[in-house]
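**Student:** Take a look at this one; I'll ask things after.
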């Protein structure tokens, strides 16, 4: 992958994440599948990110280094810093719309969906052979997303209910 492709990969993952390790599923798909890094490199990058001071999302710099050396680390750092720097003035300009109930529900739904992707990626890292998925798991994700966007009930209720359904149906 060339430098521009690497920048776009990290930029897209950073722009579409909600912080922390939420960009991990997208980065794993873009970097492990083509063979730029291994799952072991992702685990190493996560470890380095946790050992260092500062935000937990800085594991991306280590991941950039594993993908393309020092140039990859610099590219990933620039790509990770760009979305927040653009969002601050954009949020100031759009402040009124961002305070709407619809937008808040969308953010809750996005957070729930991202949490599911992070859990799925964690499972893939823990079980390289893969874990089979059933239809009801996808139904739970869809219901959780709709309920999260609606925003009338706290998402933790549905996370707990989803866990109970999962325990009941997985056995």
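The values are calculated or read from the model by the stated rules, or taken from the named source; none is laboratory data. Small disclaimer: the values here were computed from a predicted structure and weren't measured. Virtual Cβ from ideal backbone geometry, glycine too; neighbours counted across all protein chains shown.
**Student:** Tell me which residues, restricted to the stretch 9-42, are free of Cβ contacts under 8 Å to residues at least 12 places away in the same chain and over 12 Å from the mean Cα position of the chain (by Cα). Spell out the reasoning first.
**Tutor:** Of the stretch 9-42, the ones free of Cβ contacts under 8 Å to residues at least 12 places away in the same chain are 16, 29, 32-33, 35, 38, 40.
Correct list: 32, 33, 35, 38, 40.
**Student:** Can you tell me which of (1) more than 30 Å from residue 153 (Cα to Cα); (2) without any contact (Cβ under 8 Å) to a residue 60 or more places away in the chain is the one residue 87 doesn't meet?
**Tutor:** The number of the failed condition is (1).
**Student:** Which one of the conditions (1) surrounded by fewer than 11 Cβ atoms within 10 Å (Cβ to Cβ); (2) assigned by TED's automatic domain parsing to the domain that holds residue 16 does residue 135 fail to meet, given that it meets all the rest?
**Tutor:** (2)
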